[in-house]
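These notes concern the structure reproduced below.
Read the figures in this text as sums done on the coordinates, not as results from a lab. On a predicted model such as this, the values are computed, not experimentally measured, just so you know. Glycine gets a Cβ as well: all are built from the backbone with ideal geometry, and neighbour counts include every protein chain shown.
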Amino acid sequence: MFSDRGRRIFRIFIVVLNCVVAVISFRRGDVAIAGLFIAVAALILYQLIRSSSDGGDDGDRRPPSAS
């Protein structure tokens, strides 16, 4: 459905959206909901960092030619 780059951008968008919802919930006094959204954002961010460090986005690179 998404390319690797598109998936990464979508995950970053989801993390930012979760942080915004957490801030709004915290300001309204819903600390439990804010903590839940921060935890979800942290998990998605962890997956994003882990996939980047594994070299998961290197699929478009070609090895150097032997010539």
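Brief remarks on what is shown
- Summing charges over neighbours of L43, with a neighbour being any other residue whose Cβ is under 11 Å away from its Cβ, gives +2 when K and R count +1 and D and E count -1.
- Neighbours of V15 by Cβ distance under 15 Å: Lys/Arg scored +1, Asp/Glu scored -1, total +4.
- Taking θ as phi - 60° and the Karplus parameters 6.51, -1.76 and 1.60, the scalar couplings of region 33-50 work out to 5, 4, x, 5, 5, 5, 5, 5, 5, 5, 5, 5, 5, 4, 5, 5, 5, 5 Hz in sequence order, x denoting glycine and proline.
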